[in-house]
Amino acid sequence: MTTMTPMTSWDLFEDLRAAQDEMLWAARGRGWRPGQQYAGAAVWAPAVDISERKDAYLVTAELPGVNAGDVEITFEDGLLTIQGERRFAHDSGEEKIHRTERSYGAFRRSITLPSHVEADKIEATALDGVLQIMVPKAPEVQAKRIRVRAGQGDTALKPGASVNDGS
């Protein structure tokens with residue numbers, strides 16, 4: 001019995017994206033905390049999952065403590081951008097804070113998606129701190145099932161022959 005090893009092609013840009021994701025993950029938790037000087041426009045980034053179905057891409061982001069009205073989603077030239085802000089909600093004059101580990105402030109995540117999507121049909125919902133964005137694929141790029149017909153004799157088409165699929 002012969003075992004076949006799946007081959008994967010090397011993609012420089014995929015490696016760069018993976019390295020960027022690793023750097024973002026390593027820096028996670030180093031965002032702004034109350035009492036620290038605000039360091040810049042984007043100091044934390046929500047965790048994001050990206051999956052693909054036959055008809056759409058699904059982007060899921062963890063945004064606990066972020067109001068839906070504080071999130072902006074844009075899609076332009078194949079780049080899906082999620083940005084917003086998680087605000088520090090405690091009144092420091094009323095409470096004495098002993099410890100805070102959550103990050104606050106502005107965030108921005110940009111995800112490159114194939115350009116063959118229907119941008120005008122993108123939908124987003126937020127529930128229990130989880131943002132889900134459905135990005136439908138254009139119909140012409142969705143996978144199509146090809147029926148295999150049982151043949152008699154030669155299985156290859158002969159020159160000049162046409163395929164009749166019976167429809």
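On the beta carbon distance between His116 and Thr74, with R0 = 22 Å, the FRET formula returns roughly 0.75.
Can you return the aspartates and glutamates within cross-link range of Lys144? Criterion is Cα-Cα under 16 Å, with same-chain partners fewer than 8 residues away left out. Answer for Lys144, where 16 Å is the Cα cut-off: Glu52, Asp55, Asp165, listed by chain and number. Taking 0.36 nm per residue of separation and subtracting the current Cα-Cα distance, fully stretching the chain between Gln132 and His90 would add 12.4 nm.
Ranked by the mean number of other Cβ atoms within 10 Å per residue, highest first, peptides 71-81, 130-140 order as 130-140, 71-81.
Computed from the coordinates by the stated procedures, all read-outs in this text should not be read as laboratory data. As the structure is a prediction and not an experimental result, all values here were calculated from the model. Positions of Cβ are generated from backbone atoms using ideal geometry, with glycine treated the same way; all protein chains shown enter the neighbour counts.
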